[in-house]
Amino acid sequence: MAPFEKHIFVCTNQRPAGHPRGCCDPTATAELQRAFKTELAKAGIQATVRANKSGCLDQCEHGPTVVVYPEGVWYGKVAIADVAEIVESHILGNHPVERLRLADGCVNTVECEHRLPRKE
């Protein structure tokens, strides 16, 4: 079997309602991840592109968060309505959806303007 060409990781982390950092899957249904799987199947590429549930990607203030590898493209504030566009533009067309893309300075840094100060 050939390796996957791309992996889509969809954060399904949950936090209590009203948590200051937000929550990527407040309904605990993994609905966003399932939407990606559905779109991949519609496109006939479910054998070469995998949409996985992920634990916390630590980008909570930008959630729901999705990351696509091998490119390492991070998306924030992803809604069900965005899934078809991400699959068509990025997964099939190799053109990331810029309006949803997280700025490089916001990924894996405690200094992003969107992040709350951490309490150590």
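Overview of values
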| quantity | calculated |
| --- | --- |
| Relative contact order [Cα under 8 Å, 6+ residues apart], the chain, whole percent | 27 |
| Prolate/oblate/rounded label for the stretch 47-91 (Cα gyration tensor, a/c 1.5) | oblate |
| For the chain, with +1 on Lys and Arg beta carbons and -1 on Asp and Glu, the positive-most of L102, A17, Q33 along the dipole | A17 |
| Value of [θ]222 nm, deg cm²/dmol, for the chain, DSSP H segments ≥ 4, -39500 (n - 2.57) each, nearest 500 | -3000 deg cm²/dmol |
| Mean-position separation - Cα centroids, the stretch 22-37 and the stretch 59-81, in angstrom | 12 |
| Among C112, G72, V83 - extreme Cα towards positive end, dipole of the chain, charges at beta-carbon | V83 |
| Dipole moment magnitude, nearest 20 debye, the chain about Cα centre, only Lys, Arg, Asp, Glu C-beta charged | 360 |
| Protection proxy ranking, peptides 87-94, 98-105, average beta carbon neighbours within 10 Å, highest first | 87-94, 98-105 |
| Answer label, with volume of the Cα convex hull per residue in Å³ calculated from the coordinates and candidates (1) 112; (2) 230; (3) 87 | (1) |
| Folded to 0 to 90 degrees: helix 31-42 orientation relative to the chain principal axis, Cα | 20 |
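Readers should treat all values here as calculations from the given coordinates under stated rules, not as data from a laboratory. On a predicted model such as this, the values are computed, not experimentally measured, just so you know. Methodologically, a virtual Cβ is constructed for each residue, glycine included, from the backbone with ideal geometry; neighbour enumeration extends over all protein chains shown.
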